[in-house]
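Note sheet for the following structure.
The values are calculated or read from the model by the stated rules, or taken from the named source; none is laboratory data. It should be emphasised that the depicted structure is a prediction, and the values quoted were computed from it without experimental measurement. Note: ideal-geometry Cβ built from the backbone for every residue, glycine included; neighbour counts use all protein chains shown.
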Amino acid sequence: MKERRLIVAYGQNGEIGGGNDLLWRLPADMKHFRELTMDTSVVMGGNTWRSIGRSLPGREMIVLTRGAIDVPDVIAVRSLDEAFRRASRDRIYVIGGGEVYAQALASNCVDAIDATEVHASFPEATVFFDRPADGWYETARTAHQQDGKNPFDYDFVTYEREAK
């Protein structure tokens, strides 16, 4: 069985984006994202695909869309179920955006969340992540302080779904 995970970064009020872009720049988080998602299949919505604007090296790109995507090495699908079926890597990450995160959590199709919790609020946010409460527990947390490159305090946190 392929491992299905969700990776997300959010502010203290669940903020994840605004204007089809990220709300902050944390180089350490981008490095963390790259390390975790390398050699995996990544599943995203069309808006996330457009905001990235290119294929991510070393990852199989799967885009949930109603339209066509004519880009080499990008798999266009119509549903999360199809995305998981077509993924060829052993680990699959759902990488956004807000609607795709909500679908993945509502359908109980991911077993772990790798989160970056940014200790700041972003009033310009228009997209939010509804952090799951029931049925999830924290298994790891690493706190980081702001520094010359990373302007906010943040934590890398792993949540896992309770076994049923």
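Computed quantities for the displayed model
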| item | result |
| --- | --- |
| Where a residue in region 83-110 is touching a residue at least 60 places away in the same chain (Cβ under 8 Å) and at negative phi and its partner, wherever it lies, is part of a helix (DSSP H, G or I) and of a type in the set (G, A, S), with Cβ under 6 Å and at least six apart | V94/A104; V110/A104 |
| Given (1) farther than 22 Å from T48 by Cβ; (2) touching a helix residue (DSSP H, G or I) at 6+ places or on another chain (Cβ under 7 Å); (3) of a type in the set (A, V, I, L, M), number of the condition A133 does not satisfy | (2) |
| Only one of A125, A102 that is in a loop (DSSP other than H, G, I, E, B) and within 17 Å of the chain's Cα centre (by Cα) | A125 |
| Top-ranked residue in region 58-68 [being touching a Phe, Trp or Tyr at 6+ places or on another chain (Cβ under 8 Å) and assigned to a strand (DSSP E or B); ranked as nearest to V100 (Cα to Cα)] | V63 |
| Leading residue by the ranking (surrounded by the fewest Cβ atoms within 10 Å (Cβ to Cβ)) among those in region 152-164 that are in a strand (DSSP E or B) and in contact (Cβ under 8 Å) with a residue 60 or more places away in the chain | F156 |
| Test: residue in region 79-90 that is within 23 Å of I16 (Cα to Cα), crowded, with 16+ Cβ neighbours inside 10 Å and out of contact with any Gly (no Cβ under 6 Å at 6 or more places or on another chain) | yes |
| Residue list for region 105-131, filter: loosely packed, with under 15 Cβ neighbours inside 10 Å, of a type outside the set (D, E) and out of contact with any strand residue (DSSP E or B) (no Cβ under 8 Å at 6 or more places or on another chain) | A106, S107, P123 |
| All positions within region 132-151 that are assigned to a loop (DSSP other than H, G, I, E, B) and either buried (at least 17 other Cβ atoms within 10 Å of the Cβ) or free of Cβ contacts under 8 Å to residues at least 40 places away in the same chain (or both) | P132, A133, D134, G135, Q145, Q146, D147, G148, N150 |
| Filter pass, E99 being closer than 19 Å to Q12 by Cβ and surrounded by fewer than 21 Cβ atoms within 10 Å (Cβ to Cβ) | no |
| Hits in region 1-57 (condition: buried (at least 20 other Cβ atoms within 10 Å of the Cβ), assigned to a loop (DSSP other than H, G, I, E, B) and under 14 Å from the mean Cα position of the chain (by Cα)) | G11, T40 |
| R85 modelled with pLDDT of 95 or more and under 17 Å from T158 (Cα atoms) | no |
| Residue, modelled with the highest pLDDT, within region 105-122, restricted to residues that are in contact with a helix residue (DSSP H, G or I) (Cβ under 9 Å, 6 or more places away or on another chain) and in a loop (DSSP other than H, G, I, E, B) | V110 |
